[in-house]
Amino acid sequence: MGWLERNIIEPGKLPLLLALVSFVLTFLITRVITRLIRAGKGPFRNVSGSGGIHVHHVVPGVILTIIGGFGAVAGGQHGFGSALAAVIFGIGAGLVLDEFALVLHLADVYWTEAGRKSVEMVVLTASLVGLLLIGFSPLGVDNLSDDQEQNRATVIVNVVVNFAFALIALFKGKTRLAVFGVIVPVIALIGAVRLARPGSSWAKRFYRRRPRARAKSTLRAYHHDRRWLGPRRAFQDWIGGAPDPEPARSLEHR
């Protein structure tokens, strides 16, 4: 309780903790229900509106996110109202990001290969919020001394440099490193100095006349994907369920 009081309640992070917990629980419960519906088990069924239109849970998710967001802005960091708004916002965000792939593709891709993006986005969001909760500050401005806190120029330089590293990592096709690098500066630096992924904006611009760099980039990306693609997909399937197998392409008669 002492740790909770000192690190969460006193700094005003209780709403953030409640939002994170409700976000993760909502996603997990939603995935359990949708997997039961998919398997035809349990009392749960898809919700349909007038005319037989399937109502995706992103719809109530958007409504709850709006209610919770405005409630959090109005409620401040303390009090029952802010805590309730945080829970509502977390539930809404969990429902929305569980169908992130649907919003991205504007199609019902929940149980397809493209639907993995939803699980990936939820894990990424939960990880970033968790980093903020345990003390990392956006853009790497954390653990500053009293002198540094008074030196605004130093803070601005740290922010600009770290943002530049994160932007370079993003142009190099390292989206995850770029996003996490906004919170943890060293990650942005690693993404900025390493070779760009083939097909990224950086590779197209700077590796066009450098065949050795292009070949090395392609080989490194191949080995990286071969090593991590399988475990990452297994982890996503364990959390969100395996997508439906793609239909086999019919052979053309000659």
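The values are calculated or read from the model by the stated rules, or taken from the named source; none is laboratory data. Fair warning: this is a prediction, and the values are worked out from it, not measured in the lab. Because the Cβ atoms are built from the backbone with ideal geometry, glycine has one as well, and the counts that use them run over all protein chains shown. Calculation scope for accessible area: heavy atoms of the full protein, side chains included, ligands and nucleic acids excluded. Shrake-Rupley method; radii C 1.70, N 1.55, O 1.52, S 1.80 Å.
Per-structure values
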quantity: Selection from 20, 167, 62 lying farthest towards where the dipole of the chain points positive, charges on Cβ; calculated: 167
quantity: Label-point separation, residue 106 to residue 63 (7 Å along Cα→Cβ), nm; calculated: 2.4
quantity: Relative contact order [Cα under 8 Å, 6+ residues apart], region 1-136, whole percent; calculated: 29
quantity: Net lengthening on full extension, residue 215/residue 78 (0.36 nm per residue, minus Cα-Cα); calculated: 43.8 nm
quantity: Relative intensity, log₁₀ I(q)/I(0), of the chain from a Debye sum that treats every alpha carbon as a point, q = 0.08, 0.11, 0.13, 0.15 Å⁻¹; calculated: -0.44, -0.81, -1.06, -1.25
quantity: Dipole magnitude of the chain about its Cα centre (Cβ charges: Lys, Arg +1; Asp, Glu -1), debye to nearest 20; calculated: 1820
quantity: Rg in Å to one decimal, and Dmax rounded to a whole Å, for region 1-136 via C-alpha atoms; calculated: 16.5, 55
quantity: Estimated dipole of region 176-239 in Debye, rounded to 20 [Cβ of Lys and Arg +1, of Asp and Glu -1, Cα centre]; calculated: 520
quantity: Residue-wise HN-Hα coupling along region 96-108, computed from phi with Karplus coefficients 6.51, -1.76, 1.60 (Hz; x: Gly, Pro); calculated: 5, 6, 5, 10, 4, 5, 5, 5, 5, 9, 6, 7, 7
quantity: In Å², nearest 10: area of residue 59 left accessible to a 1.4 Å probe; calculated: 70
quantity: Solvent exposure, largest accessible area first (probe 1.4 Å, DNA, RNA and ligands not counted), of 82, 48, 127; calculated: 48, 127, 82
quantity: Selection of trypsin sites (Lys or Arg not before Pro), region 23-98, meeting DSSP coil and at most 11 other Cβ within 10 Å; calculated: 41, 45
quantity: The chain: Lys pairs at Cα distance under 19 angstrom, eight or more positions apart or on different chains; calculated: 6
quantity: FRET efficiency estimate (nearest 0.05) - Cβ-Cβ, residue 229 to residue 132, R0 30 angstrom; calculated: 0.60
quantity: Heavy atoms of residue 111 accessible to a 1.4 Å probe, total area in Å² rounded to 10; calculated: 40
quantity: Inter-label distance, nm, simple model (7 Å from Cα along the C-beta direction), residue 157/residue 7; calculated: 3.2
quantity: Per-residue [θ]222 nm for the chain (sum of -39500 (n - 2.57) over DSSP H runs n ≥ 4, rounded to 500); calculated: -21500 deg cm²/dmol
